[in-house]
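Notes to accompany the following structure.
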Amino acid sequence: MRAWTRWDVVCSVEDLVPESGIAVWTENGPVAVFYLPHRLPALFAVSHTDPFSGVNVLARGITGDLKGEPVVASPLYKQHFSLRTGVCLEDESVQLKTYPVLLDGNRIRLEIPATQQLPQAA
């Protein structure tokens, strides 16, 4: 069996807030989608769950830039997470799950691993 993915529509462009994040629900759980219009790429998606507290709050974090790296600061304990890689800048042993994200017309799509497995090709 091999895993497969699909590109799910999670929101529209109108739902996005510049320089901020929104929480969306996926089959794999909550995801934080960030829109940073001054950057290329402008869209980022990471797990919405703060790994230090276990609480779904990262979409409410403050976005910024540390030495050229786009980051979100957790609103609880203030750790900074790279929006590109998910790595915590204060503790590199901790990492958020990241998701490929794209703009499709006015829809935002995330590449989500499916929960089913495809049969292995013979």
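Some observations on this one:
- Charged side chains reduced to their Cβ positions (Lys and Arg at +1, Asp and Glu at -1) give the chain a dipole of some 200 debye around its Cα centre.
- Note on the chain: antiparallel DSSP beta bridges, both residues inside, total approximately 95 percent of the bridges counted.
- By definition, a body whose alpha carbon gyration tensor gives a ≥ b ≥ c is oblate when a/c is 1.5 or more and a/b is not larger than b/c, and segment 2-118 fits this oblate description.
- Across segment 40-119, C-alpha contacts under 8 Å between residues 6 or more apart give a mean separation that, scaled by the residue count, equals a relative contact order of 23 percent.
- Two-site FRET efficiency, Leu102 against Val55, from Cβ-Cβ distance with R₀ of 25 Å, rounded to 0.05: 0.35
- Between Asn28 and Thr85, the contour length at 0.36 nm per residue exceeds the Cα-Cα span by 18.7 nm.
All of the numbers you see were taken from the coordinates with simple rules; none came from a lab. Small disclaimer: the values here were computed from a predicted structure and weren't measured. Virtual Cβ from ideal backbone geometry, glycine too; neighbours counted across all protein chains shown.
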